Structures are given as structure tokens and as C-alpha cells.
1. Just to verify a number: FRET efficiency for R207 and N229, C-beta to C-beta distance, R0 = 22 Å, to 0.05?
2. Quick one: in the chain, what % of C-alpha pairs are over 29 Å apart?
3. Rounded if a/c is under 1.5, else prolate if a/b beats b/c, else oblate: with a ≥ b ≥ c from the C-alpha gyration tensor eigenvalues square-rooted, which is segment 81-166?
4. In whole angstrom, how far apart do the alpha carbon centroids of segment 103-119 and segment 8-60 sit?
5. Hey, in the GNM for the chain with a 10 angstrom Cα cutoff, which one of A235, A34, A145 fluctuates hardest?
6. How large is the helix-only mean residue ellipticity at 222 nm for the chain, computed as the sum of -39500 (n - 2.57) over DSSP H runs with n ≥ 4, divided by its residue count, in deg cm²/dmol to the nearest 500?
7. Rounding to the nearest 20 debye, state how big the charge dipole of the chain is about its Cα centre with +1 on each Lys and Arg Cβ and -1 on each Asp and Glu Cβ.
8. Which of V197, L208, T130 sits closest to the plus end of the dipole of the chain, meaning its Cα is farthest towards the positive end, when Lys and Arg get +1 and Asp and Glu get -1 on the C-beta?
Amino acid sequence: MSDFVIFGRNPIAEALAAEVPLRRLLLAQGVTGADINAFVQQAKARKIPLQNVPRLELDRLAKTNKHQGVLAFMAQLDYVSCETILSRVEQREPKEKPALILLDGVEDPRNLGAIIRVAEGAGMHGLVITKNRCAEVTPVTIKTAAGAAFHLPIAQVSNLASQIDWLKKRGLWIVGLDERGENTIFEMDAKMPLAIVLGGEGKGLHRLVREKCDFVYNIPMRGQVASLNVSTAAAVVCYEIVRQRRAG
């Protein structure tokens, strides 16, 4: 398996904090800062090979000049199973009801990264993507997620409709988010075990996936536009879950 490139100070810091096994750490020549000093110390302590290279070399490896002077190589991010995600929830103390995010055809890696960041920040228990018709976790995704991909369990499945059936058998209620939903998310009971399904950019939920949802809600729009970007919609629904669960 080829090495996976990650870059940017926040993603590198989160990778080190999560003890992701980095194979090499590269710094642009002349780059400075307290965080850079911390990276060097951690790399030496963990015996991670460290190199100072010309900034143009980082530009080439990252395929962008927005790497903030730091880049690392790692094995590709490991996906987990939905079984693993739910098992981890069951082991939590205090006990929590599962709250997962399922993506039905989100194809932009930056949108995926933004969703990972908000889902992890809101305390969702995991994310489910598909092998087809969905973005994978890439270096751009990790950069956009600011390292949250190292903390949020992510499952990759072959068939989302079949996975929904499996989640239902495990006691989760499936909630689709769609502008055509009859009720708003503020009428949702977020205290139940939930899997929230978000559709892809411009296409929304696929018919079969929508039919398998127990509920379909919309985000009420008060302006002239009909809908929100999928990552913004994810933020709204994630924090509605947080709001309801904190209220008890």
C-alpha cells in the first residue's frame, strides 16, 4: 500500500496527538514556530524520521502551496466497521444513544472533510460513507477536517441501503434530511438511537435510501435559497442533536 500524504499544522498536530504512526515528517527549510518545535520534539521522541526540505518540494508533494511548511507520510487511513462503531458506543460511560452520520453520494472531498470536522466536534459517534458514488478520505479531506478524521470512526460500506437495514436491526432509527421532508428537524426526537442520512451535492437522497428512512425532515429556509450546502446542513442537524440531548 502506498504512503498517504497529510499536510498542514492542525492535521499534523492531531495525527501526533492521536498517535497515528507517521512514517516520515518533512519540514520546509527555515520554517519556525512553537508548534514546529513541538513537532520536532515529538518526532524525535517517537523516532519518526525527520527531514528539512526546500519549500518547493513540499509544494510538489502536497500538490498545493497551502501546507504551512509541514507534511508527513503515513499508511492510508484505516476504515472501521459499523459493528465496531456501535460496540465503542456501548462501552462508553456514561451510556449514550448512538448518533451516526450516513452519506448518500457526497462526492466533494472538501465537503466530506467539513462534515467530518463538524460531526467529530459535535460528538457524533461515527460516519458511514460508501465505496461508490462518494468521496473517500484523501489528503485534502484530512486538511479540510483539520485532523478530525483521526478521531472520528469512519466506516466504508458497499451498499448504503443494506447497511441501513442492518442498523435498523440494531435498534437505530433512520432519519433522512431532505428539503421535501414534511416536518422540520426541530420536530425530530433526537434522544433516540439515530442514523442521520445526508444526500449528495445537488442530487439529495437516492430514491431507495429515502424510502428506507423512518423519518424525513427538512431544515426550514426563511430566505430566497431553497437549501444549504451539505456540510452546513450537517452542522445544523448535528447541533440540533446536541441541543436536544443536553436539554435532557
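1. Numbers: r = 22 Å, r/R0 = 1.01.
Using R0 = 22 Å, I get an efficiency of 0.50.
2. Numbers: 10579 of 30628 pairs.
Every Cα pair in the chain considered, those over 29 Å come to 35 percent.
3. Values: a/c = 2.30, a/b = 1.21, b/c = 1.89.
Oblate is the answer for segment 81-166, as a/c is 1.5 or above yet b/c matches or exceeds a/b.
4. Segment 103-119 and segment 8-60 have Cα centres spaced 26 Å from each other.
5. Its mean-square fluctuation being the largest, the pick is A34.
6. -11000 deg cm²/dmol
7. Charge dipole of the chain: 460 debye, to the nearest 20.
8. Checking the options against the dipole of the chain, the answer is T130.
The numbers here are math on the coordinates, done by the rules we state, and not lab data. Owing to the predicted nature of the structure, the values given are computational and were not obtained by experimental measurement. Cβ atoms come from the backbone with ideal geometry, glycine included; neighbour counts cover every protein chain shown.
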